[in-house]
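Novice: I have a structure I would like to understand better, so I am pasting it below and will then ask my questions one at a time.
The values are calculated or read from the model by the stated rules, or taken from the named source; none is laboratory data. Keep in mind that this is a model prediction, so the values were computed, not measured. Note that each Cβ is placed from the backbone with ideal geometry, even for glycine, and that neighbours are counted across all protein chains shown.
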Amino acid sequence: MMPYTDIPPEVLKQLYETMLRIRLFEDRTSVLYPEQLIKCPVHLCIGQEAIAAGLCAHLNKGDYIFSTHRSHGHCIAKGMDLRPLAAELYGKSTGCAQGRGGSMHLVDPEHGIPGTSAIVGGCIPLAAGAALASKLRGDGKVSVAFFGDGASEEGTFHESLNYAALKKLPVIFACENNNYATNSPRHARQPDVSIAERASGYGMPGVFVDGNDVLAVYHASREAVDRARAGEGPTLLELRTYRWKAHVGPNPDIDSGCRPADEYEAWLERCPVNMFGQFVADNNILSDDEIGSMLAKVEKEIDEAIVFGKAGPEPPASELYDHVY
Amino acid sequence: MPWTKLQADDSRSEVVFHQARLSQREITYREAIKEALTQALEMDPNVFLIGEGIDDPGGVFGTTVGLKEKFGKDRVMDSPIAENGMTGIAMGAAITGMRPVFIHMRVDFLPMCMDQIINHAAKWSYMTGGRVKVPLTIRAVIGRGWGSAAQHSQSLQALFAHIPGLRVLMPASPYDAKGLLLGSIAGNTPTIIIEHRWLYDQKEGVPEEPYVIHPGKGLVRREGSDVTIVACSYMVYESLRAADELAKEGIRAEVIDLRSLLPLDEDLIIGSIEKTGRLVVADTGWKACGISAEVAAVAAERAIGSLKAPVRRICLPFAPTPACHSLEQAYYPTHTDIVSAVKGIR
């Protein structure tokens, strides 16, 4: 783990709680999914929690994040209430998008989440556009685009980095490199060059970060967010990580041969939540009792969210055309 | 919002290019567009214009000339050659409080933007349960003539009119160009406005004050009782010319200017067919799955009992636009084709 001496204990505690909240929510989703009451595809982010937690720790409520089909963690880290999130998974009127979006299209404008796109690379220009709006208004906000390594192959990646660098937009391009686009490994899709290195072609900083070390994410993100807020322009972060579950759904995909078992096992050893849990215990940031009560608090929050999600009404057929315009 | 103060003009009974307004100041189609953009920029600090070369001396056929000098480079912005990404960037600004107008010199560049227009802008209101709106206006110009050829002259309105969540407008007159553009900028829906290069010199009386025309209303440009000619954009003028020719032979053609393709003013079309019993559709695009097909389908669904003859469609030949003069001459239908079509169903 990276050193932490300049991070206040309260922040370290909050980082751990956010990671727990994401992990436990995703775990619960994967347990409940076989009930088939969540009738939409879910793309779980288990194994990738440190990135959302470490980056969003630097954002204000009004700052914007844009995300992908795998967005539960980002939205939770940005402060989204778990109840409308769960209700959206259950397709209810009480969901954050009134059941129109499902797991892939979470939204929460009050917490700076103007929407998420399930088209790979789709949200990268939206984040740059939000940053353009902030720059034109001078409102001091920053925007973050979360996307995967696959999105770095899309035209929108180039188009957005080019424009953000040209205009010095207050935006952070956060590439979560989990090495797979669905089941295609990165070496089958890209030359063997770090994604972070591409930033130099746009004249912006590019930083390769251990995405499973929340303190490394925290440090790199702080620099990127500070730069953006100071009007010095965008940063590209390549955050190396690994997803534990299949591309979609609640199960692992190792037995089906999608990924090598030894690779998977090695990454399980580098569990971001366990690594940081060990750290906060070893450094007396959190006592066993405190961790216990934190777990209980988050589990209760998730219990209530699931009850809320299941209990809500489904949108009636008469509302089919609502919100088209 | 400054926009709520704008007066809407929802009149639909006016005939022939707003005769009542002819006493007013006359300006061209290009001047009307520039006036709308100027007034939008003046009224709302959240409005900005962006597009490739919109600040160059030509100013998109004169429609943006001098606006950068007047409003500054942060409100009238040149753009990288990155149509899809810049559509997303304009949309990102739109969903966080701005009202951008993204301007393309050719409709042919819009296929580059399909992901951001169709997958994102058109879907955002729905996917967010109506919580996030996309006040994004996209202007694009149909080219024609002087060997513009296959990639600088397409009429692709039908591609967009297929998509729920979008508005698609094709103003034919200066009055409509100003009102529809202001209405789009004032609205909260992603809107594609397709202009035709041959319309920029058209003149008519246009009020100086800002006003909006809401989408979804067509207009009867000429009243008649023998046949309905439904047209859009430049084909409105060919249709009016055809109606003049037909009148010499005692055939009274009613000419409808659609103005708005999505939504389509079905009631106006149906009402006219019920009166005339005959339908000819003139579109600037191709037939297959196009605007003329939609109008004919609406007629079949809602007015089949009134039709006394088959529907005829005047569209482009089903081929890309040729470059050479001889084939270009053969390519574009004119008022004589419309006259022949009408006579064929009389």
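Novice: Mind checking which residues of region A:167-187 are under 19 Å from residue A:119 (Cβ atoms) and in a loop (DSSP other than H, G, I, E, B)?
Specialist: Scanning region A:167-187 gives A:178, A:182, A:183.
Novice: Within region B:81-95, track down each residue that is surrounded by fewer than 24 Cβ atoms within 10 Å (Cβ to Cβ) and more than 22 Å from the chain's Cα centre (by Cα).
Specialist: Answer for region B:81-95, where residues must be surrounded by fewer than 24 Cβ atoms within 10 Å (Cβ to Cβ) and more than 22 Å from the chain's Cα centre (by Cα): B:81, B:82.
Novice: With respect to residue B:70, is the statement that it is charged (D, E, K, R) and either assigned to a loop (DSSP other than H, G, I, E, B) or facing chain A (nearest Cβ under 9 Å) (or both) true?
Specialist: no
Novice: Turning to a different aspect of this structure: Give the residue that is nearest to the other protein chains (Cβ to nearest Cβ), with candidates limited to residues of region A:146-165 that are within 23 Å of residue B:72 (Cβ to Cβ) and crowded, with 21+ Cβ neighbours inside 10 Å.
Specialist: Across region A:146-165, the extreme among qualifying residues is A:163.
Novice: Any residue at all in region A:106-122 that is assigned to a strand (DSSP E or B) and more than 9 Å from every other protein chain (Cβ to nearest Cβ)?
Specialist: Checked against the condition, which is being assigned to a strand (DSSP E or B) and more than 9 Å from every other protein chain (Cβ to nearest Cβ), region A:106-122 yields at least one hit.
Novice: Check whether at least one residue in region A:132-145 is out of contact with any helix residue (DSSP H, G or I) (no Cβ under 7 Å at 6 or more places or on another chain), in contact (Cβ under 8 Å) with a residue 12 or more places away in the chain, surrounded by 24 or more Cβ atoms within 10 Å (Cβ to Cβ) and hydroxyl-bearing (Ser, Thr, Tyr), and report yes or no.
Specialist: yes
Novice: Can you go through B:12, B:25, B:30, B:75 and tell me which one is basic (Lys, Arg) and at pLDDT below 65?
Specialist: Being basic (Lys, Arg) and at pLDDT below 65 holds for just one of B:12, B:25, B:30, B:75, which is B:12.
Novice: Only strands (runs of 3 or more DSSP E) wholly contained in region B:217-277 count here; list those with 1 or more residues that are surrounded by fewer than 20 Cβ atoms within 10 Å (Cβ to Cβ).
Specialist: B:219-222
Novice: Among B:135, B:190, B:164, which is touching a Leu at 6+ places or on another chain (Cβ under 6 Å) and closer than 30 Å to residue A:92 by Cα?
Specialist: B:190
Residue-wise test of (1) surrounded by 15 or more Cβ atoms within 10 Å (Cβ to Cβ); (2) hydroxyl-bearing (Ser, Thr, Tyr).
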| residue | (1), (2) |
| --- | --- |
| A:246 | yes, no |
| A:251 | no, no |
| A:256 | no, yes |
| A:261 | no, no |
| A:265 | no, no |
| A:272 | yes, no |
| A:287 | no, yes |
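Novice: Are any residues in region B:35-58 more than 14 Å from chain A (Cβ to nearest Cβ), touching a helix residue (DSSP H, G or I) at 6+ places or on another chain (Cβ under 6 Å) and within 24 Å of residue B:109 (Cβ to Cβ), and if so, which ones?
Specialist: B:36, B:40, B:54, B:55
Novice: Report yes if residue A:97 is among the hydrophobic types (A, V, I, L, M, F, W, C), part of a loop (DSSP other than H, G, I, E, B) and within 12 Å of another protein chain (Cβ to nearest Cβ), otherwise no.
Specialist: yes
Results for (1) surrounded by 21 or more Cβ atoms within 10 Å (Cβ to Cβ); (2) not in a loop (DSSP other than H, G, I, E, B), shown as yes or no for each residue.
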{"site": "A:7", "(1), (2)": "no, no"}
{"site": "A:10", "(1), (2)": "no, yes"}
{"site": "A:16", "(1), (2)": "yes, yes"}
{"site": "A:22", "(1), (2)": "yes, yes"}
{"site": "A:30", "(1), (2)": "no, yes"}
{"site": "A:50", "(1), (2)": "yes, yes"}
{"site": "A:53", "(1), (2)": "yes, yes"}
{"site": "A:66", "(1), (2)": "yes, yes"}
{"site": "A:80", "(1), (2)": "yes, no"}
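Novice: Just give me the residues in region B:316-346 being of a type in the set (A, V, I, L, M, F, W, C), outside any loop (DSSP other than H, G, I, E, B) and either more than 14 Å from residue B:251 (Cα to Cα) or touching a Cys at 6+ places or on another chain (Cβ under 6 Å) (or both), in sequence order.
Specialist: Those that are of a type in the set (A, V, I, L, M, F, W, C), outside any loop (DSSP other than H, G, I, E, B) and either more than 14 Å from residue B:251 (Cα to Cα) or touching a Cys at 6+ places or on another chain (Cβ under 6 Å) (or both): B:316, B:327, B:330.
Novice: Same structure, new question: Tell me, please, whether a residue that is crowded, with 17+ Cβ neighbours inside 10 Å and either within 14 Å of another protein chain (Cβ to nearest Cβ) or among the aromatic types (Phe, Trp, Tyr) (or both) can be found in region A:275-283.
Specialist: yes
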